[in-house]
Ligand code: SF4
């Protein structure tokens, strides 16, 4: 998949991506199109967690990363923000 990394982010895991050589368009489906095929590739990927974390930290807004859609990643980011806020409220 065509991943564009910021220079300071670790991307060594990409060498082990299950999507190497797979058509990148599969991971950036048109709005409303099925994400199933991409998610099937991700499901068997050994670096899935790294990929997802990269997308979350890099604020990737488009495409399937770590087997998750933009909407699914947004939910995780929201959840993490809530957890951070709760932790900050406890300490501060
Ligand atoms: S989780 Fe999916 S998008 Fe990420 S590296 Fe693996 S196959 Fe590619």
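Confirm whether residue 48 is more than 8 Å from the ligand (Cβ to nearest atom), closer than 23 Å to residue 26 by Cβ and surrounded by 10 or more Cβ atoms within 10 Å (Cβ to Cβ). No. Scanning region 29-48 for residues that are in contact (Cβ under 8 Å) with a residue 12 or more places away in the chain, touching a helix residue (DSSP H, G or I) at 6+ places or on another chain (Cβ under 9 Å) and outside any loop (DSSP other than H, G, I, E, B) yields 38, 41, 42, 48. With respect to (1) in contact (Cβ under 8 Å) with a residue 12 or more places away in the chain; (2) in contact with a helix residue (DSSP H, G or I) (Cβ under 9 Å, 6 or more places away or on another chain); (3) loosely packed, with under 12 Cβ neighbours inside 10 Å, the lone exception for residue 68 is condition (3).
Note on region 9-28: residues that are near the ligand (Cβ under 9 Å from one of its atoms), outside any loop (DSSP other than H, G, I, E, B) and either surrounded by fewer than 12 Cβ atoms within 10 Å (Cβ to Cβ) or in contact (Cβ under 8 Å) with a residue 40 or more places away in the chain (or both) total 1.
Read the figures in this text as sums done on the coordinates, not as results from a lab. Just so it is clear, the model here is predicted, and its values are computed rather than measured. A quick note on method: Cβ atoms are made from the backbone with ideal geometry, for glycine too, and the neighbour counts reach across all protein chains shown.
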